[in-house]
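Scroll down for the structure; my scribbles are underneath it.
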Amino acid sequence: MHGFDFKDIQDKVSLRLRPWHRSFQFWVRAADIYTGYKVFQLRVSFVKDAKKQEALWEKQHELAADKLYSMCSDLGGFFLKIAQIVGKPDLAPAAWVKKLVTLCDQAPATPFDAVQLVLEKEFGQSIGEIFDNFEVNPLGSASIAQVHRARLRGDKNDVVVKVQHPGVQDLMMTDIRNLQAFALYMQKTDIKFDLYSVTKEMEKQIGYEFDFLREANAMERVYRFLYENNKKTPVLVPRVLQGLVTRQVLVVFLYCSYMRVLVMDYIDGIPILNLGDEMVRRGINPSSKMATVAKQNILKSLTLAYGQMILKTGFFHADPHPGNILICKGSEVALLDYGQVKDLPDQLRLGYANLVLAMADNDSAKAIECYRELGINTVSNCKNEQQELLRLAQTMFDTKLPPGVVMLQPFAEDASIKKIGVQSFPEELFSILRTIHLLRGLSVGLGINYSCAEQWRPIAEDALYNAGRLKGADRTKVCKLRRYFWRY
């Protein structure tokens, strides 16, 4: 008669209870942060002095930032994605940004012995049989995977090995369903925006991130598009390595049979978050003219790449948070991590191209037409409804900050989103929305205020002309636009 393995039973019970425990932790912490702000709003309303109000708000934001950081850091997984989205200087209070920005690529790492087990199970060989060198400490760790620098046997060039964290997928799905419930509550009580549709698109995109075959194909597709459509690609794209036989199947790219490991080119560079420190280390004043020009070139490269991807093909890298951007020699920009990509239908791609023109021209009537074309349904009874709808479009889909504004506060009392209710928002547009907000956060961090709509105007016109939808345009004008692209 076999004895009971109490340790095994305990582990299985713990595994089954983990999602429930995680959900409990989320709701307790989220309720604490939310009610803290609600109670504070009531208390601060009795303070009449504006400076005292501002000081009290700063203290409240600092208190909430500590709690939000602890929640995202302790729970990890999907909440690290939330930190990436929320922790941007154009969207969140400064206290939040200061705390959350450190979570961009510093998620808790999987211990090396677990990484080694995954690699050896996937490839059917020991690490020593595959690699001459494999660094134990990861270059970075994010919510879904971590990356290690290594060198294949018999090769002179370094590679990056991306390994999924074991068991993280089920937990992330639990997290996002909790967030969806919270989003439904918030859109009924505090925020007049279709947050639920946004979280549904997030669920879809995060599911894709676990498919390394899809990521490998996406990386190759973006690489080919940018390198074939420019004399010099605006951003560097790593390539998945070819020619390895795994344990079970000969694959075209170097990814494992279960899609939990991906190996690609190593690109040498510094994370964009460390750019200021690197300038100081090299004796360059980050506020100098030379530093400003370098920052402008970096932003120009990213903006051109995204304008071409979104408007010319609709297939684009949808996760440009700071942890995925490297600055290389000569201010070249490398764009990493293709787990989140979006393939827009032509109808939405061209609808967004029309909206780009409306925003660039400050054309409120055209912006309203674009809302209808894109399937964004709004309701309002405010004065100057047309102007508020244009303002809302620019808040959601352009990077430019209004004159004198250093930080957008989309949920402030005078914000357009408080005056215009967004009843339905197509899920597929969330990837554009998120990409624009991440680009805006980067521009604010670099100290540059610019309009991506104005920069993308010629690309949008070219896209519409090629689709036969640009009224009143002649071939000469479009040829000039194409010469504009060719300069890059």
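Quick notes on this structure:
- The residue of the stretch 133-164 that is nearest to residue 339 (Cα to Cα), among those that are among the charged types (D, E, K, R) and in contact with a Leu (Cβ under 7 Å, 6 or more places away or on another chain), is 162.
- Scan the stretch 442-452 for residues that are more than 16 Å from residue 304 (Cα to Cα) and either charged (D, E, K, R) or open to solvent by less than 10 Å² (accessible area, probe 1.4 Å) (or both) and the total you get is 0.
- Residues of the stretch 148-192 that turn out to be among the hydrophobic types (A, V, I, L, M, F, W, C), within 20 Å of the chain's Cα centre (by Cα) and open to solvent by 50 Å² or more (accessible area, probe 1.4 Å), as a count: 0
- Tally, over the stretch 389-427, of residues that are open to solvent by less than 60 Å² (accessible area, probe 1.4 Å), in a helix (DSSP H, G or I), modelled with pLDDT of 75 or more and not β-branched (Val, Ile, Thr): 7
For every residue, the table says whether it meets (1) closer than 18 Å to residue 339 by Cα; (2) in contact with a Ser or Thr (Cβ under 9 Å, 6 or more places away or on another chain); (3) at pLDDT below 90; (4) assigned to a helix (DSSP H, G or I).
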residue: 183; (1), (2), (3), (4): no, yes, yes, yes
residue: 199; (1), (2), (3), (4): yes, no, yes, yes
residue: 202; (1), (2), (3), (4): yes, no, yes, yes
residue: 205; (1), (2), (3), (4): yes, yes, yes, yes
residue: 217; (1), (2), (3), (4): yes, no, no, yes
residue: 220; (1), (2), (3), (4): yes, no, no, yes
residue: 223; (1), (2), (3), (4): yes, yes, no, yes
residue: 227; (1), (2), (3), (4): no, yes, no, yes
residue: 232; (1), (2), (3), (4): no, no, no, no
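- Odd one out for residue 321 among (1) under 16 Å from the mean Cα position of the chain (by Cα); (2) under 18 Å from residue 239 (Cβ atoms): (2)
- Residue match in the stretch 198-218 (condition: open to solvent by less than 60 Å² (accessible area, probe 1.4 Å), without any contact (Cβ under 8 Å) to a residue 40 or more places away in the chain and in contact with a Phe, Trp or Tyr (Cβ under 7 Å, 6 or more places away or on another chain)): no
- Which numbered condition residue 137 misses (of (1) part of a helix (DSSP H, G or I); (2) open to solvent by 20 Å² or more (accessible area, probe 1.4 Å)): (1)
- Candidate set from the stretch 158-181 (those that are acidic (Asp, Glu) and part of a helix (DSSP H, G or I)); member that is farthest from residue 375 (Cα to Cα): 170
- Residue satisfying condition, being in a loop (DSSP other than H, G, I, E, B), surrounded by 20 or more Cβ atoms within 10 Å (Cβ to Cβ) and within 26 Å of the chain's Cα centre (by Cα), within set 92, 109, 83: 92
- Scanning the stretch 123-134 for residues that are assigned to a helix (DSSP H, G or I) and open to solvent by 30 Å² or more (accessible area, probe 1.4 Å) yields a count of 2.
- Of all the residues in the stretch 150-170, those that are in contact (Cβ under 8 Å) with a residue 12 or more places away in the chain and more than 16 Å from residue 240 (Cβ to Cβ) number 8.
- Which numbered condition residue 118 fails, given (1) out of contact with any helix residue (DSSP H, G or I) (no Cβ under 9 Å at 6 or more places or on another chain); (2) open to solvent by 20 Å² or more (accessible area, probe 1.4 Å): (2)
- Contact map, the stretch 325-350: residues that are under 25 Å from residue 470 (Cα atoms) paired with residues that are assigned to a strand (DSSP E or B), Cβ distance under 9 Å, separation 6+ or inter-chain. Pairs shown: 342/315; 342/316; 342/317; 343/315; 343/316; 344/315; 344/316.
- On the stretch given as the stretch 266-281, residues that are open to solvent by less than 80 Å² (accessible area, probe 1.4 Å) and either of a type in the set (Lys, Arg) or not in a helix (DSSP H, G or I) (or both) total 5.
- Residue in the stretch 311-322 that is in contact (Cβ under 8 Å) with a residue 60 or more places away in the chain, assigned to a helix (DSSP H, G or I), crowded, with 23+ Cβ neighbours inside 10 Å and in contact with a helix residue (DSSP H, G or I) (Cβ under 7 Å, 6 or more places away or on another chain) present: yes
The values are calculated or read from the model by the stated rules, or taken from the named source; none is laboratory data. Quantities reported herein were computed from a predicted structural model and do not represent experimental measurements. So basically every Cβ, Gly included, is an ideal-geometry build from the backbone, and we count neighbours across all protein chains shown. These accessible areas exclude ligands, DNA and RNA; they are computed on the full protein's heavy atoms, side chains included. Shrake-Rupley method; radii C 1.70, N 1.55, O 1.52, S 1.80 Å.
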